[in-house]
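A.B. asks: Just dropping this structure here.
Read-outs throughout are calculated quantities, based only on the coordinates presented, and are distinct from any laboratory measurement. No experiment lies behind these values; they were computed from the predicted model shown.
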Amino acid sequence: MKNKAENPASLLENKQTSPIVELFFNLSHLKQVYRQGWLRRGVPPERCESVAEHSFSVAMLAMVLADRFPELDRLRVLELALVHDFGEIHAGDITPGDGVPKQEKTRREKESFALVLRESSCRDHLLSLFDEYEAGESPEARFVHELEKLEMGLQASVYDQQELGDFGEFLDSAGEAIEDARLKTILEELRKLRG
């Protein structure tokens, strides 16, 4: 798996640090982890989205689209959006093309998540959010799953417009995963941009 750099937390070995400093150094690694699917489709590393950039975009979508979904708990949605890829700190960005079964991917990510949070006072709360997101049973978790796919479609459109390649397959994949009509209209707009 290609990353921009090693996990900054490795720089803390043999140093006395508080749990929050260690947590932040681990979180910073998500800025180093490329979204592997884009690299595999030819996006140059210097232009490739990181996992942190993706997570930030999903959280921003959650914030700006939440008004269209008054039935959802906005805080819960934002929390889920912010932690949905937290497990990739040590597990990396495992894509469908890697051939890792979903259950194994979830196991690796949860193990990574638990390792990063071992000293954190909010460990139980964050792990419960991870479990909720992975289970995808709450309305908020289902919404964030769809936002995650919407972000992928939006990023594909950005790369298309930047003429970095043909990323229509990502729009198609997002279209298959998104069920909510309010979000599908955004994908339709992106398809029109492709001309």
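A.B. asks: What full-extension length gain, to one decimal in nm, is calculated for residue 180 and residue 17 as 0.36 nm per residue of separation minus the Cα-Cα distance?
C.D. replies: Taking residue 180 through residue 17 to full extension adds about 54.2 nm, to one decimal.
A.B. asks: Let me ask another. Roughly what angle does helix 123-135 make with the longest principal axis of the chain, taking Cα atoms, 0 to 90 degrees, to the nearest 10?
C.D. replies: 30
A.B. asks: Using just the helices of the chain, give the 222 nm mean residue ellipticity in deg cm²/dmol: DSSP H runs with n ≥ 4 each add -39,500 (n - 2.57), and the total is spread over all residues, rounded to 500.
C.D. replies: -18500 deg cm²/dmol
A.B. asks: Here's another thing I want to ask about it. Using 0.36 nm times the number of residues separating residue 46 and residue 10, minus their current alpha carbon distance, what extension gain do you get? Please report the intermediate quantities before stating the final value.
C.D. replies: Numbers: separation 36, 0.36 × 36 = 12.96 nm, distance 2.32 nm.
10.6 nm is the gain from fully extending residue 46 to residue 10.
A.B. asks: If you split all Cα-Cα distances of region 120-184 into 10 Å bins from zero, what percentages do you get per bin, shortest first?
C.D. replies: 21, 37, 25, 15, 2
A.B. asks: Can I ask one more? Specify the angular offset, from 0 to 90 degrees and rounded to the nearest 10, of the alpha carbon long axis of helix 19-28 from the longest principal axis of the alpha carbons in the chain.
C.D. replies: So the inclination is approximately 30 degrees.
A.B. asks: With angles folded into 0 to 90 degrees, how steeply does helix 168-177 sit against the dominant principal axis of the chain? Use alpha carbons for both and round to 10.
C.D. replies: Tilt relative to the chain: about 80 degrees.
A.B. asks: Let me ask you something else. Please report the projected area of region 1-134's Cα convex hull averaged over all directions, in nm².
C.D. replies: Reported value for the Cα convex hull: 9.1 nm².
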